[in-house]
Every structure is written in C-alpha cells, then in structure tokens.
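Step one of this worksheet: look at the structure below.
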Amino acid sequence: LHGIEFIDSYVFNRVEHIRFNSTVGRYVGYTELGLKNAEAWNKGPQLGQEQGELERVCKRNAANA
C-alpha cells in the first residue's frame, strides 16, 4: 500500500470536524467537538475499523490505480 492514502472525513454544514488519515494513522480533530471525538475514537474500536477499511478498500483497488 505504499503511496496510497486513505482519508475518511466527517463534515457537517460544510465544516470538517474530524478526519481519519491513513498516513497519520489516527483521527485528527479540527473543531472543538472534533478534537474530543478524535481523542475518544483513537482509543476505541473505531480506529481499528478504519484501519480495516484501509486494507479492504485500498488493497482491493490498488491494482486498478
């Protein structure tokens, strides 16, 4: 998966609150609520789920890029 970046953003009212970035390997918050959620999600099962999506989505489609 070298050179592939998986990003999952959570946006409400055109404002990005939180993002999972596979390059960083964790959630990053951009608002007050996003910072709180990022801290909690990085400690919980959500982080593992995002890393699983990276494997499921990116590995499967890397050959098509």
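The values are calculated or read from the model by the stated rules, or taken from the named source; none is laboratory data. Predicted model, so just to flag it, every value in this text is computed and none were measured. Here the Cβ positions follow ideal geometry from the backbone for every residue, glycine too, while neighbour counts run over all protein chains shown. These area figures cover heavy atoms from the full protein model, side chains too; ligands, DNA and RNA do not enter into them. Shrake-Rupley method; radii C 1.70, N 1.55, O 1.52, S 1.80 Å.
One table, with the values for the structure above:
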| read-out | value |
| --- | --- |
| Value of relative contact order over the chain, rounded to a whole percent, pairs C-alpha under 8 Å and six or more apart | 26 percent |
| Accessible surface, per residue, of the stretch 7-63 when the full set of protein chains is kept, probe 1.4 Å, Å² | 69 Å² |
| Solvent-free Debye scattering, log10 I(q)/I(0), computed from the Cα coordinates of the stretch 7-63 at q = 0.12 Å⁻¹ | -0.29 |
| Contour minus Cα-Cα distance for Thr31 and Arg56 (0.36 nm per residue) | 6.1 nm |
| FRET efficiency for Asn64 and Asn42, using Cβ-Cβ distance with R0 set to 25 Å, rounded to 0.05 | 0.25 |
